[in-house]
Amino acid sequence: RPATRHARMKGINYCASANRDHAVLHQTSLIVATLNLHWGRGANGTRFDIVSACASLDADVIALQEQTGPPGGSSAAALIAEELGYQHYETVLSDRFDDSAGRWIGSAEPSGGTWGMATLTRLPIIRTADVTLGRARRDPERQAQVVLLAVGTSAMRIVNAHLVNRPPASVRQLYRLRRLLAADAHHPTVVLGDLNVPGFMATAMTGYETASRAPTWPARRPVLRLDNVLIRGCAVTGPSPTVTHVGSDHRAVRAEVRLLA
């Protein structure tokens, strides 16, 4: 499995640890990524290694959508976080998902596995919140995760969102997301996630800049930018953002962003 930045820090001595803590205190940039896990399956239903997929991104923050877990067991996000050394914040959108078969179960059946989203982070979490974005017919209530992170001596707001894939409901949810973003606009913000609308619409309706204009879906030959890294109060820095096929039916988007003074 590819080495991660966290893995390389294991076993360091006290002096190195002190240097790292000093660097974290003065950190002004971070690597962010978003990945729709598609419950750990590719477009053809074949499972892929979700831990290796996330390790390959080597990001400080990873927003996951369509992450699942079996009844009474650890979720995909929890397993990834434990393996790679992340903190994680989960939001369960439905408890009626059959993770083994990759399908929804009937509403009359007992509760099954979980289906939802998660934010993984290497940076300290200041606070978290879930904000409702509304519900479409025959679809779970959609939420946006709002995670405020300490970045050096400042704070950055991470918003992880996954909208329904049916217009006009997706457009209504995007409108609610825009209101959420405007309600607390004094923190630099990165919006991550599968917004299920054409990329130009996501950019226009939120008023945010996009870190990458590359298409992300379908993964093998992408034609639409459904997966987004949208920014305000920060700028893209370092290497160009990358859009990578890691096994899911969506491509992952990865970018380095820097807080603006």
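Restricting region 127-139 to residues that are open to solvent by 20 Å² or more (accessible area, probe 1.4 Å) and within 18 Å of the chain's Cα centre (by Cα), which is nearest to Gln173 (Cα to Cα)? Step through it out loud before you land on a result.
We begin by selecting, within region 127-139, every residue open to solvent by 20 Å² or more (accessible area, probe 1.4 Å); these are 127-132, 135, 137-138.
From what's left, within 18 Å of the chain's Cα centre (by Cα): 127-132.
Details: Arg127: 23, Thr128: 20, Ala129: 17, Asp130: 14, Val131: 11, Thr132: 9 Å.
Filtering first and then ranking leaves Thr132.
Would you mention how many residues in region 142-177 are charged (D, E, K, R) and either touching an Asp or Glu at 6+ places or on another chain (Cβ under 9 Å) or farther than 21 Å from Gly116 by Cα (or both)?
Total meeting the criteria: 2.
Filter region 218-231 for residues that are within 17 Å of the chain's Cα centre (by Cα) and either farther than 16 Å from Asn36 by Cβ or of a type in the set (A, V, I, L, M) (or both) and give the result. Walk me through it before giving the result.
Initial filter on region 218-231 (within 17 Å of the chain's Cα centre (by Cα)): 219, 225-231.
Passing the criteria: Ala219, Leu226, Val229, Leu230, Ile231.
Scan Thr91, Thr46, Thr119 and give me the residue that is among the hydroxyl-bearing types (Ser, Thr, Tyr), surrounded by fewer than 23 Cβ atoms within 10 Å (Cβ to Cβ) and touching a strand residue (DSSP E or B) at 6+ places or on another chain (Cβ under 8 Å).
Criteria check complete, one pass: Thr91.
Of the conditions (1) acidic (Asp, Glu); (2) part of a strand (DSSP E or B); (3) more than 26 Å from Glu82 (Cβ to Cβ), Asp139 fails just one. Which one is it?
So the condition that Asp139 fails would be (2).
For region 169-206, name all the residues that are among the charged types (D, E, K, R) and either under 17 Å from the mean Cα position of the chain (by Cα) or modelled with pLDDT of 95 or more (or both).
Within region 169-206, Arg172, Arg176, Arg178, Arg179, Asp194 qualify.
Out of Ser107, Ser94, Ser52, which single residue is modelled with pLDDT under 95, among the hydroxyl-bearing types (Ser, Thr, Tyr) and not in a strand (DSSP E or B)?
On the way: Ser94 fails: not in a strand (DSSP E or B); Ser52 fails: modelled with pLDDT under 95.
Of the residues listed, the single one that is modelled with pLDDT under 95, among the hydroxyl-bearing types (Ser, Thr, Tyr) and not in a strand (DSSP E or B) is Ser107.
Being at pLDDT 95 or above and either among the small types (Gly, Ala, Ser) or open to solvent by 30 Å² or more (accessible area, probe 1.4 Å) (or both) is the filter; apply it to region 59-74 and report the residue that is nearest to Trp217 (Cα to Cα).
Among them, the one singled out is Ala63.
Quick check on my filter: what residues within region 222-254 are under 20 Å from Ile50 (Cβ atoms), open to solvent by 20 Å² or more (accessible area, probe 1.4 Å) and either in a strand (DSSP E or B) or in contact with a helix residue (DSSP H, G or I) (Cβ under 6 Å, 6 or more places away or on another chain) (or both)?
Answer for region 222-254, where residues must be under 20 Å from Ile50 (Cβ atoms), open to solvent by 20 Å² or more (accessible area, probe 1.4 Å) and either in a strand (DSSP E or B) or in contact with a helix residue (DSSP H, G or I) (Cβ under 6 Å, 6 or more places away or on another chain) (or both): Thr242, Val243, Thr244, Val246, Gly247, Asp249, Arg254.
Restricting the first residue to region 106-129 and requiring it to be of a type in the set (A, V, I, L, M), which pairs with a second residue that is assigned to a loop (DSSP other than H, G, I, E, B) and modelled with pLDDT of 95 or more meet a Cβ separation below 7 Å and a spacing of at least six or different chains?
Here the result reads Leu120/Tyr86; Leu123/Asp60, each pair linking region 106-129 to a residue that is assigned to a loop (DSSP other than H, G, I, E, B) and modelled with pLDDT of 95 or more.
The values are calculated or read from the model by the stated rules, or taken from the named source; none is laboratory data. The shown structure was predicted, so the numbers you read here are calculated from the model rather than taken from an experiment. We place every Cβ from the backbone using ideal geometry, glycine too, and count neighbours over all the protein chains shown. Side chains included, ligands, DNA and RNA excluded: accessible areas come from the protein's heavy atoms. Shrake-Rupley method; radii C 1.70, N 1.55, O 1.52, S 1.80 Å.
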